[in-house]
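Q: The structure under discussion is supplied below as structure tokens; questions concerning it will follow.
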Amino acid sequence: MLITKYVRREKLKTYKLLFLTSHVGLGHVARDYAFKLYLERIIPNIEVDWCSAEPALSFLDKLGERVVSVCRSLTSFSTVVEDLYNGRIKGLRDLGSRLKILRDNYAVIGDLIKSGKYDLIFADEFWEIVYSAPRSIKKDIVFGSDLVYMPYRLTLKGFIIPLILSNYFKRSFIEFNRRIYLNDPGILDDYKWYWLLGGRVREWVYKHMYVAGLTTSYLPEELPDKNTARKMLGLNTSDLVIVISVGGTSTRSKALLECIDSSAKKIIGILKKSYPRKNPVIIALTGPRTRWNPRHSIIHVVKGVQPRLINYYVASDLFITRSGRTTTADLLCMNKPAVLIPIKGHVEQEEIALDMARRYGYPVIFEDECYSERTINVIQHALSIGKTPGKPPCKGVYNTGKYLASILYGSSTNSDR
């Protein structure tokens, strides 16, 4: 049983934690920061160090978090993902050569991980550990992931690559003694590991991982109200606010921005007629790795890392964004109306978007459907339906924090699921 009471004021020991957080985008570091905030609440005597690369480093620096100095020399793996989906990597051989980044990064931080100075090391999809660390190291690290399986598509590429990745995930994750599934297991449905063979993925997850559930980048009780969030961002309460966010990478980000920019004047005109008492405002968050300027001055551009991105979620009437797991969890768990535009060819994002549409009614636009009439109709529909009809339990931050705390206090065993 996991312990339920963590604050033991009679204990004098200071617990030291190391967070190894993925540097592909900002979703991982954002949710890990929420884990850290909750751990500080339930365990007053903890110290957290961070290890990651850009763009996560900029996020942590803006929050004043303590990053281990050796980790600042790591090479970002975001560049590999961006090159892959922006068409700059040709074939599996080219991709395989880029994986040298993971080996080189592990060589930089290997001594830190083996130093023994931390009571707990938590790795959130930190692929350097998965790819390069020996089993003797992995057994003492708590590994968290929202991705354990790649859905198959009825094409040669859509079958071979998911087959390779799903098999790799299954073999690699089991090498960690403690594994956390940072996702709603409902997305797994009745999938089998090898399309039609290999047992059900959902059953494997419940057997081999602690299922924390859907994890957000915020603690729900700390969300500001809408008017407060708007005041913090300099927005008026009478504004009709649409926010476009590309996330933490430059992966086909301009395609998303151009999708809305090409229809911006028509969108504003229609919204003024539909909502005559409101002032339509479109804000584009370009993130830390995208350089872009709109054709129309009616779109307000906010550049760089936004560590308090959650204020834009709360302040908006509609969010238009990619369908990364943390982003969609944040939207779903606060019942925020949104339009999802998954990265073209990104099987994981496409699957998340389809799941959000199927189970919760979120409108989805695929990049090939980004023409003016389609975009405007979907935006109008999303504004009209308002909140989603339901949501799964959003306890992932709390469950993960309690699980990590139970390990620190020695009450968690390898069989805790």
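The values are calculated or read from the model by the stated rules, or taken from the named source; none is laboratory data. Nothing here was measured: the structure is a model prediction, and the numbers come from that model. Here the Cβ is made from the backbone with ideal geometry for all residues, glycine too, and neighbour counts use every protein chain on show.
Q: Within the range 353-394, can you find the residues that are under 25 Å from MET150 (Cβ atoms) and not in a loop (DSSP other than H, G, I, E, B)?
A: Answer for the range 353-394, where residues must be under 25 Å from MET150 (Cβ atoms) and not in a loop (DSSP other than H, G, I, E, B): ALA353, LEU354, ASP355, MET356, ALA357, ARG358, ARG359, TYR360, VAL364, GLU367, ASP368, GLU369.
Q: If you scan the range 92-111, which residues turn out to be within 22 Å of LEU163 (Cα to Cα) and surrounded by 14 or more Cβ atoms within 10 Å (Cβ to Cβ)?
A: Result: LEU95, ARG98, LEU99, LEU102.
Q: Next up: Failed condition for GLY96, given (1) out of contact with any helix residue (DSSP H, G or I) (no Cβ under 9 Å at 6 or more places or on another chain); (2) farther than 17 Å from GLY25 by Cβ; (3) of a type outside the set (Ser, Thr, Tyr); (4) modelled with pLDDT of 95 or more, with all others met?
A: So GLY96 meets the others, but not (4).
Q: Right, here's the next one. Tally up the residues in the range 323-368 that are basic (Lys, Arg), touching a helix residue (DSSP H, G or I) at 6+ places or on another chain (Cβ under 8 Å) and more than 21 Å from ALA255 (Cβ to Cβ), please. Even if it seems obvious, please write down each step before you answer.
A: Filtering the range 323-368 for residues basic (Lys, Arg) gives 325, 336, 344, 358-359.
Checking the rest, the ones that are also touching a helix residue (DSSP H, G or I) at 6+ places or on another chain (Cβ under 8 Å) come to 325, 336, 344, 359.
Within this subset, residues satisfying the condition of being more than 21 Å from ALA255 (Cβ to Cβ) are 336, 359.
So the answer is 2.
Q: Give me the residue from the range 351-363 that is of a type outside the set (A, V, I, L, M) and without any contact (Cβ under 8 Å) to a residue 40 or more places away in the chain and, out of that set, surrounded by the most Cβ atoms within 10 Å (Cβ to Cβ).
A: This residue is TYR362.
Q: Could you list, in sequence order, the residues of the range 271-297 that are outside any loop (DSSP other than H, G, I, E, B) and either free of Cβ contacts under 8 Å to residues at least 24 places away in the same chain or surrounded by fewer than 16 Cβ atoms within 10 Å (Cβ to Cβ) (or both)?
A: Residues satisfying the conditions are LYS272, LYS273, SER274, ASN279.
Q: If you take the residues in the range 221-246 that are part of a helix (DSSP H, G or I) and of a type outside the set (Lys, Arg), which one is surrounded by the most Cβ atoms within 10 Å (Cβ to Cβ)?
A: My answer is ALA229.
Q: Also: Among the residues of the range 100-115, which ones are part of a helix (DSSP H, G or I) and polar (S, T, N, Q)?
A: Within the range 100-115, the subset part of a helix (DSSP H, G or I) is 100-113.
Selection gives ASN105 alone.
Q: What single numbered condition from (1) within 26 Å of PHE35 (Cα to Cα); (2) modelled with pLDDT of 95 or more; (3) β-branched (Val, Ile, Thr) fails to hold for VAL364?
A: For VAL364, the failing item is (1).
To keep it simple, each residue is scored yes or no on (1) closer than 18 Å to ASP184 by Cβ; (2) at pLDDT below 95; (3) more than 23 Å from the chain's Cα centre (by Cα); (4) not assigned by TED's automatic domain parsing to the domain that holds ALA30.
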site: GLU373; (1), (2), (3), (4): no, yes, yes, yes
site: GLN380; (1), (2), (3), (4): no, yes, yes, yes
site: THR400; (1), (2), (3), (4): yes, no, no, no
site: THR413; (1), (2), (3), (4): no, yes, yes, yes
site: ARG417; (1), (2), (3), (4): yes, yes, no, yes
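Conditions tested, residue by residue: (1) in a strand (DSSP E or B); (2) within 22 Å of ASN227 (Cα to Cα).
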{"position": "PRO307", "(1), (2)": "no, yes"}
{"position": "ASN311", "(1), (2)": "no, yes"}
{"position": "PHE319", "(1), (2)": "yes, yes"}
{"position": "SER323", "(1), (2)": "no, no"}
{"position": "ALA329", "(1), (2)": "no, no"}
{"position": "LYS336", "(1), (2)": "no, yes"}
{"position": "LYS344", "(1), (2)": "no, no"}
{"position": "GLU348", "(1), (2)": "no, no"}
{"position": "GLU351", "(1), (2)": "no, no"}
